[in-house]
Amino acid sequence: MKQLIKNAIEKDDFLNLIKKVLLPLLKNDERAFLVGGYIRDLAVFNTVSKDKDIVLFNTDTETVARKIADSLGAAFVELDPENKIYRVVLGENYADIAQGLNNSVDDDIQRRDFTVNSIFYDLKKGEFYDKNGGFRDITDRIIRTPELKNLEDDPLRMLRAFRFQAQLGFRIDDEILEYVQKNGKTLDMVARERINQEILKMFEGKSLPKTLLNMHDAGFLEIVFPFIQNIKKIPPNTHHHLDLVHHSIETVRHIRSNKALLRLAAFYHDIGKPLCWTIEPDTGRHRFIGHDEKGEKLVRQELSGLKFSKKQIEYVAKMVKNHIYPSSLMATPDGASNKAMARFIRKIHPDVEDLIELARADRLSARGEAVSDTMVQNNLDNLEKLLGYYEDIKESLKELPKLLDGREIMEILQIQATPKLGVIINELKEVQIAGSVKTRDEAIEFVKNLKL
């Protein structure tokens, strides 16, 4: 493994450009190491990252970083001057150049978050320095920390352990899990913006469902995601074979995409259920009427607290609010009409495929005793029909002509600019999408005969 990684490092063009400038600057006692995720990703995924981390010892970091940037015609960025961290950017590639802790290689290695990130490669000697057994832990597929104190120094590293588990598929060392169980609440001291970034990375990971289960077992899931405290009250029922926490995680598992926000929407899709929970006295059936509407409001609050952007919140809230829509639309014996499907597409586009995927995952995750295989298959077939209809007309949506504008409709019908006008415009769009109105004359005839 080491030789293959060394070969990849030595062939890295951007790194070679840096070395060409850097190495002649270093005196006898001055050292430079390639560290961290670049080496880890080569070892785990055999991928070459465009992001490099270089640590310098016994030399002035800023001076070296500026000389590298000037020599390469690259941009120089002061990331953290107080801690002497600088960035050199050349096209898509960048290198973060930092000062080693206490100018001691051993001290710097010991303060690293996890052993898989503490492998150093000496750029002068062309040798690895792996004091903490990082290569061994990569082979054993385990996430360990050089010292538990490193988690205490930065509680975000508890969440990072789970993020790396989601990305790498490694198991987390029992010592870390025990620490999280006892100290998980110290995450509250961490800025929400930092937590946000770890969540987004974690939700892209292939092993996300398993990671969420492990976080739940460690009592950490509800610390990161406060809504879990409420939904864990909802038990299995005749339509759901799992309690609501595990149903939410199971829904994530059935999402066939690694889009972080879509997976996040799957995780949050039933956040509104505790506020709408009733049990029918005669049948014992659990009902959650209106949980989609309640969920939209709650998810906005929670994601705002976690410092998600307005655009990200709008997407997830849209998914949560409408997650029942695709299945309910297609639930009639003969399926929905083209006009009804067109109305759905107009409302949800450009996120139609994502919402249908969420509805599919939700269906597959609810298999209580009252849910037959036939019911599930019919639901899935109907969702495929809706997806097929969207795929058939998707290209035409980009070029949908405006046959009549609002002013023209007002003149034709002799009406004022009232809410009724908006309804007419939307009705016209729907029949255009459905393909039953294609020309200006057909549009005029349609609005004249439209009964509202």
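Bear in mind these aren't lab numbers, they're just calculated from the coordinates by the rules spelled out. Since this is a predicted model, take the numbers as computed values, not measurements. Note that each Cβ is placed from the backbone with ideal geometry, even for glycine, and that neighbours are counted across all protein chains shown.
In a solvent-free Debye calculation with one equal scatterer on each Cα, what is log10 I(q)/I(0) for segment 81-158 at q = 0.17, 0.23, 0.24 Å⁻¹, listed in the order of the q values?
At q = 0.17, 0.23, 0.24 Å⁻¹ the computed log10 ratios are -0.82, -1.20, -1.22.
Kirkwood hydrodynamic radius for segment 284-346: how many Å is it when counted over pairs of different Cα atoms? Show your work: numbers first, answer last.
On the way: mean 1/r = 0.0743 Å⁻¹.
Radius from the Kirkwood sum: 13.5 Å.
Can you give me the long-range amide H partners of ASN237? Hydrogens built in the peptide plane at 1.01 Å from N, cutoff under 5 Å, separation of 5 or more residues or another chain.
LEU242
I need the calculated FRET efficiency for the pair ARG287 and GLU442, taking r as the beta carbon distance and R₀ as 45 Å, to the nearest 0.05. Please list the in-between numbers first.
Numbers: r = 44 Å, r/R0 = 0.98.
That gives a FRET efficiency of 0.55.
Once both labels are modelled 7 Å past Cα along the beta-carbon direction, what's the LYS149-ASP188 spacing in nm?
Roughly 2.7 nm, to one decimal.
Grab the DSSP H runs of the chain that are 4 residues or longer, score each as -39,500 (n - 2.57), total them, divide by all residues and round the 222 nm result to the nearest 500 deg cm²/dmol. Walk me through the numbers before you get to the answer.
Numbers: 25 runs with 254 residues, N = 452.
After summing the helix terms and dividing by the residues of the chain, the value is -16500 deg cm²/dmol.
Name the shape class, rounded, prolate or oblate, that the alpha-carbon gyration tensor gives for segment 406-449, where a ≥ b ≥ c are the square roots of its eigenvalues, rounded holds for a/c under 1.5, and otherwise prolate holds if a/b is larger than b/c and oblate otherwise.
Details: a/c = 2.62, a/b = 1.53, b/c = 1.71.
Oblate is the answer for segment 406-449, as a/c is 1.5 or above yet b/c matches or exceeds a/b.
I want to verify the translational diffusion coefficient of segment 1-48 in µm²/s; compute it with Stokes-Einstein, Rh as the Kirkwood radius over Cα pairs, at 20 °C and 1.002 mPa s. All intermediate terms of the calculation are to be shown ahead of the outcome.
Details: Rh = 11.8 Å.
The diffusion coefficient I find is 182 µm²/s.
With labels modelled as points extended 7 Å from the Cα through the Cβ direction, what inter-label distance (nm, one decimal) is found for GLU302 paired with ASP373?
Each label point is offset 7 Å from its Cα along the Cβ direction, giving 3.4 nm.
Taking amide H atoms as placed 1.01 Å from N in the peptide plane, list the residues 5 or more away in sequence, or in a different chain, whose amide H sits under 5 Å from that of GLY36.
Those qualifying (amide H under 5 Å, at least 5 residues apart or on another chain) are ILE119.
Distance in nm between label sites at VAL77 and ALA340, each 7 Å beyond Cα in the beta-carbon direction?
5.1
How large is the Kirkwood hydrodynamic radius of segment 111-262, in angstrom, based on all distinct alpha carbon pairs? Write out the running numbers ahead of the final one.
Details: mean 1/r = 0.0602 Å⁻¹.
Averaging 1/r across every pair of different Cα atoms and inverting gives 16.6 Å.
Which of the trypsin sites (Lys or Arg not before Pro) found in segment 1-77 are in a DSSP loop and have at most 11 neighbouring Cβ atoms, other than their own, within 10 Å? Let's see the in-between values first.
On the way: sites: LYS2, LYS6, LYS11, LYS19, LYS20, LYS27, ARG31, ARG40, LYS50, LYS52, ARG66, LYS67; in loops: LYS11, LYS27, LYS50.
Qualifying residues, ordered by number: LYS11, LYS27.
Kindly provide the GluC sites (Glu not before Pro) of segment 139-196 that DSSP labels as loop, not H, G, I, E or B, and whose Cβ sees at most 14 other Cβ atoms within 10 Å.
Working: sites: GLU147, GLU152, GLU175, GLU178, GLU193; in loops: GLU147.
The qualifying sites are GLU147.
Using the Karplus curve 6.51 cos²θ - 1.76 cosθ + 1.60 with θ = phi - 60°, what ³J(HN,Hα) values do you get for each residue of segment 106-121, in whole Hz, with x for Gly and Pro?
Karplus-based 3J(HN,Hα) across segment 106-121 equals 5, 5, 5, 5, 5, 8, 5, 5, 9, 4, 5, 9, 10, 7, 10, 10 Hz.
Express in % the proportion of alpha carbon pairs of segment 268-399 at distances exceeding 22 Å. Intermediate results must be reported in sequence, preceding the final value.
Values: 3861 of 8646 pairs.
That fraction is 45 percent.
With all distinct Cα pairs included, what does the Kirkwood hydrodynamic radius of the chain come out to in Å, to one decimal, could you say?
Numbers: mean 1/r = 0.0388 Å⁻¹.
For the chain, the Kirkwood estimate is 25.8 Å.
Using Cα centres only, tell me the gap between segment 310-389 and segment 84-131 in whole Å.
About 48 Å separates the Cα centre of segment 310-389 from the one of segment 84-131.
With a cut-off of at most 14 other beta carbons within 10 Å, and DSSP calling the residue loop, which GluC sites (Glu not before Pro) in segment 367-452 qualify? Please list them.
GLU369, GLU399
Summarise the long-distance tail of P(r) for segment 2-140 by giving the % of C-alpha pairs beyond 17 Å.
Values: 5392 of 9591 pairs.
For segment 2-140, the fraction of Cα-Cα distances above 17 Å is 56 percent.
Show me, bin by bin at 10 Å from 0, the whole-percent P(r) of segment 206-295 based on Cα pairs.
Pair shares across the bins are 16, 49, 29, 6, 0.
Restricting the count to DSSP beta bridges whose residues both fall in the chain, what percent are antiparallel, rounded to a multiple of 5? Kindly include the intermediate steps, with their values, before the conclusion.
Working: 25 of 33 bridges.
The antiparallel fraction comes to roughly 75 percent.
So for segment 119-193, Kirkwood radius off the Cα pairs, Stokes-Einstein at 4 °C and 1.567 mPa s: how many µm² s⁻¹?
Values: Rh = 13.7 Å.
Calculated translational D: 95 µm²/s.
Per residue, how much space in cubic angstrom lies within the convex hull of the C-alpha atoms of segment 337-400? Before the final figure, lay out each step's value.
Working: hull volume 5.3 nm³, N = 64.
Considering the Cα atoms of segment 337-400, their hull volume per residue is 82 Å³.
Which of LYS339/LYS451; LYS273/LYS297; LYS50/LYS206; LYS149/LYS201; LYS307/LYS347 have a Cα-Cα distance over 18 Å? Don't skip to the answer; put the middle values down first.
Details: LYS339/LYS451 15 Å; LYS273/LYS297 12 Å; LYS50/LYS206 21 Å; LYS149/LYS201 24 Å; LYS307/LYS347 27 Å.
Those over the limit are LYS50/LYS206; LYS149/LYS201; LYS307/LYS347.
Can you pull the percent of Cα pairs in segment 377-452 with separation above 13 Å? Write out the running numbers ahead of the final one.
On the way: 1964 of 2850 pairs.
Result for the distance tail: 69 percent.
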